[in-house]
Each structure stands twice: as structure tokens, then as C-alpha cells.
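Only one structure is covered here, and it is reproduced in the block below.
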């Protein structure tokens, strides 16, 4: 399941934190997990998160323009919804082609190529005037944005050890959290005053700015290329900032580089899904994302039908959901790190700042650390989606569904953050491939949900649709309980077999 960690040498290193507990003899000091300072780590992760912001914005700016697009293209709402479905299908499949490549050959090449594809597709979308062109170019837009969304989570695994990862996941996920709120709001403003074409011009300009930011400031973090950051990448893979600070380069520690025997490819990425840890995580994560996508994609239709809102007002109604998500990412990130330290103290594990070892992976109950937060948030999500759907069904004042959307965003983000952190923990040296495998399943299932949700609402009503989604989540929760109780023993058995 997990790729072997690189061989390490023992440096002189006094930069360690206090022991978490006395008891179990600690392992010899290891090389720094990353030579980057805390400020440099935050800057790197936040820069990736800024670029990642493009993916959810591209998906969600589109929602307020669905009505005007259907009228201009002379097609039905169901046909326009297919452009969302095709977007999610490509967004799920495309990373499988590049994820393992980025784990072995670098983050920056994949990121730069993806942003260029994204820029070109948005230019085409702004200029096209037919439904067929819209459908095809949305697929190319998804191709670019899908790879962008993986890099931020992968960069956290590259530069941050497990014990500190929860806090940094907040920074890395800011783009994915803020995007779904700002996207519909900006989309509503632009559609209302400048027309739907302005959405794609905005995305084109924004992605052009991000391309310049990557070229100037974003360093390569892939551990197969730069190790703990002390090894310089090839000149073509360096940012402009590194050329300006060549005199301050560290002595390269080649032993910290991750060497994998697997060739990059589709099978290497999809093979991760065969691991029983990941398969259980994927089941719950995909169903949760599937339900969230169904709720958010149906929101414009429901708000227009029930409350007669215009595109700008519809966009503003997404803000509570994202506000709840931002709050959850901050709280959950802090709680995850505290829970890690609590379990370390409980078993007598000694944590050192900016270090992690293979022994730590074996001894720490990582599944319990992460899932002790994911499970309560999952059950809270069930209650929130039931409440939201029936409040919307009975045409309660608009404040009612907006409050439930805030709680819904908080709960579902807590589930996603905890599950994602655990998946990266278990695949720390091929994080992009792990995220791509998970994204493939969740985006494909979400594509089906988005295509089916409006006809299903028309058939049985939003109240029963929400109840059905909550029932699916509740029935999927035993998968996390199985992993909670048996996950660590499975890892220890696999490690013994490898040894």
C-alpha cells in the first residue's frame, strides 16, 4: 500500500520540539523532513492553494449562468446540465493520466501544462456560440482544472510531516473552500451585468496571472526530485526566485529523495483503489461528495423556482455554505493536530518538529486519529441535509435553507478534510496518485448525481431526495468504523509481510 520511505542519514539537528511523552525509546534523530522554514512552507502551500482556487471557481461560476446559457443556446435546462456532467466526468478521469507522473517527475511541469490548457479552453468558451462547442470546450476546461486541484494536497505531503499536517491542510484547502462561494457570486455578478461570456474571460485572465505566479515563485516540492528540498531540480524546473537565491542553496541530501520502482501510468494510479484502506475511504468520500454536488448543482433551479431570484442573488446564496466550510477547515485542522498529539502521548510516542519516521507510521493509530473527527461530522451531515431538503420542500423563508447550508458546508467539509488527510498519511510518498484515484471515483459518481438530481427532484421532491442522500451516507458509515477498528492492524500485517 505505502511506498517505502527513503533511506536517511543522521544529521546534526538541534531543531526538535519537546518529547510528547516519556516511555518508548525514541528512534535516532532523522534528517529534517523539509529544509523550508515555517513561513516558506505556508507560502508554498498557500501559493498552490491560490492556483487550486481556479478549479472550483471554474465549476461553480457556471451555475448562475445556466438559465441565460440555455436561452442563448436554445436548449433545455437538462441539456445544459449535461455540460456540468461532462465537466465532472473529465475532472474525475483526467488526473489518473498525470498523477503518478507528477509523483515521480515533479509538480511544476504538470501544473504549468494544466494551467496553459485551462487558459486556452476559457478563450474558446468565451468566443463560441454553439451547444456542441460549449460541451467540448467544457471538457478541455475540466482537463486543465482537474490536475490543478491535486497539486495543493500533494504539496502538503511533500513538505509537512504527519504530526503537523492538519493545520497545513487548512491552508492548502483554502482555494477549494473559497472557490465554491466566490465562484457563484462572481458568476452571478458577471452574468447579470456583463453577460455569461465575461465569466470565461475572467477565468482566462485569472489563470494567466496564476501562470506568472507559478513561474516566478512556486518551487518544485516533489520528494522524488528535491528530497527534503535540499536537492536542486534541473534548471528548467526552477522558479525565478530560486535563480535569484542560488548562493543560499543548501548542501544536497540525496538520501532524502524518494525512489520508486513503479513506472508512472494509469494502472499505477488506479491500483491504489485496490488497497482496502483506500477503498473504504473512497466509498464514504465519494458518496459524500456525490450528495454535496447534487445539492449545490440543484440550488439555482430551486431558488429560481421557489424564490424567483436572479443570477446575482442566486450566487450570493452560496456564501453561507462556503462560510461553514472555511470554519470547518480551520477548526478541523487544529483538532486533527491536537488529536495526533493526544494519541502520541497515549502510546508514548515522541514527536519531533519537522520529522517523521517509518516507525511512527507503524505505531501511530492514524485511522483513529483522523476518523474520530470524520465520523461525528458524517452523522451531522446526514441531519443537515435532511433538514435543508425538507425546509426547502415546504417553502420556508429563505433564511431557513441558508442557515442549513452553512451547517451543511461545515459538516461535509469536516468529513472531506479528515478523510483526505488520512489518505495522504497512508500514501505519503505518492499523494498525487492517491488523490487522483479518489477523485476519479468521486467525480464520476458526482457526474451521475448532477445529471439525475433535477429530474429526481421533479419526480419525488427535494425533501425525499435529501432523505435518500442522508440514508446513503448513514449506510456507508460502517466502512469508516471498520477502518477505525482494523486499519492499524492491517498496516502492521502488511509491513510485516514486506519485511
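Scanning the range 243-261 for residues that are at pLDDT below 75, part of a loop (DSSP other than H, G, I, E, B) and loosely packed, with under 15 Cβ neighbours inside 10 Å gives 245, 249, 250, 259, 261. Given the structure, is residue 175 under 18 Å from the mean Cα position of the chain (by Cα), outside the structural domain of residue 324 (by the TED database) and buried (at least 19 other Cβ atoms within 10 Å of the Cβ)? Considered against the rule, which asks whether it is under 18 Å from the mean Cα position of the chain (by Cα), outside the structural domain of residue 324 (by the TED database) and buried (at least 19 other Cβ atoms within 10 Å of the Cβ), residue 175 comes out as yes.
Selection of the range 385-417 for residues being touching a helix residue (DSSP H, G or I) at 6+ places or on another chain (Cβ under 7 Å) and outside any helix (DSSP H, G or I) yields 395, 398. Scan the range 25-55 for residues that are in contact with a helix residue (DSSP H, G or I) (Cβ under 6 Å, 6 or more places away or on another chain), more than 14 Å from residue 159 (Cα to Cα) and modelled with pLDDT under 80 and report the count. Final tally of qualifying residues: 1.
Residues considered: 137, 125, 66. Of these, the only one that is within 29 Å of residue 317 (Cβ to Cβ), free of Cβ contacts under 8 Å to residues at least 60 places away in the same chain and buried (at least 20 other Cβ atoms within 10 Å of the Cβ) is 137. Inspect the range 225-233 for any residue being modelled with pLDDT of 85 or more, farther than 30 Å from residue 406 by Cα, assigned to a helix (DSSP H, G or I) and over 19 Å from the mean Cα position of the chain (by Cα) and give the result as yes or no. Yes, there is a match, as at least one residue in the range 225-233 is modelled with pLDDT of 85 or more, farther than 30 Å from residue 406 by Cα, assigned to a helix (DSSP H, G or I) and over 19 Å from the mean Cα position of the chain (by Cα). Taking residue 149, is it part of a helix (DSSP H, G or I), touching a residue at least 40 places away in the same chain (Cβ under 8 Å), out of contact with any strand residue (DSSP E or B) (no Cβ under 6 Å at 6 or more places or on another chain) and surrounded by fewer than 21 Cβ atoms within 10 Å (Cβ to Cβ)? Judged against the criteria, residue 149 is not a match. Working only within the range 269-295, note down all residues that are more than 22 Å from residue 147 (Cβ to Cβ) and assigned to a helix (DSSP H, G or I). If the condition is that a residue be more than 22 Å from residue 147 (Cβ to Cβ) and assigned to a helix (DSSP H, G or I), then 274, 276, 277, 279, 280, 283, 284, 287, 288, 291, 294, 295 are the ones that fit. Quick check on the range 86-93. Is at least one of its residues surrounded by fewer than 17 Cβ atoms within 10 Å (Cβ to Cβ) and either more than 25 Å from residue 257 (Cβ to Cβ) or out of contact with any strand residue (DSSP E or B) (no Cβ under 9 Å at 6 or more places or on another chain) (or both)? Scanning the range 86-93 turns up no residue that is surrounded by fewer than 17 Cβ atoms within 10 Å (Cβ to Cβ) and either more than 25 Å from residue 257 (Cβ to Cβ) or out of contact with any strand residue (DSSP E or B) (no Cβ under 9 Å at 6 or more places or on another chain) (or both). If the condition is being over 15 Å from residue 399 (Cβ atoms) and buried (at least 21 other Cβ atoms within 10 Å of the Cβ), then the range 303-317 contributes 311, 314, 315. On the basis of being within 20 Å of residue 153 (Cβ to Cβ), part of a helix (DSSP H, G or I) and at pLDDT 85 or above, does residue 209 make the cut? For residue 209, the condition - within 20 Å of residue 153 (Cβ to Cβ), part of a helix (DSSP H, G or I) and at pLDDT 85 or above - is not met.
Within the option set 448, 400, 487, being under 25 Å from residue 303 (Cα atoms) and in contact (Cβ under 8 Å) with a residue 60 or more places away in the chain holds for one residue only, 448.
Of all the residues in the range 69-82, those that are touching a helix residue (DSSP H, G or I) at 6+ places or on another chain (Cβ under 9 Å) and either over 18 Å from residue 295 (Cα atoms) or surrounded by 23 or more Cβ atoms within 10 Å (Cβ to Cβ) (or both) number 7. On the stretch given as the range 152-165, residues that are farther than 20 Å from residue 109 by Cβ and not in a loop (DSSP other than H, G, I, E, B) total 4. Over 19 Å from the mean Cα position of the chain (by Cα) and assigned to a helix (DSSP H, G or I) - does that describe any residue in the range 434-448? Checked against the condition, which is being over 19 Å from the mean Cα position of the chain (by Cα) and assigned to a helix (DSSP H, G or I), the range 434-448 yields at least one hit. Take the conditions (1) buried (at least 24 other Cβ atoms within 10 Å of the Cβ); (2) more than 25 Å from the chain's Cα centre (by Cα); residue 483 misses just one of them, which is (2).
The values are calculated or read from the model by the stated rules, or taken from the named source; none is laboratory data. Worth saying up front: this structure is predicted, and the values here are computed from it rather than measured. For neighbour counting, all protein chains shown are included, and Cβ atoms are generated from backbone atoms with ideal geometry for every residue, glycine included.
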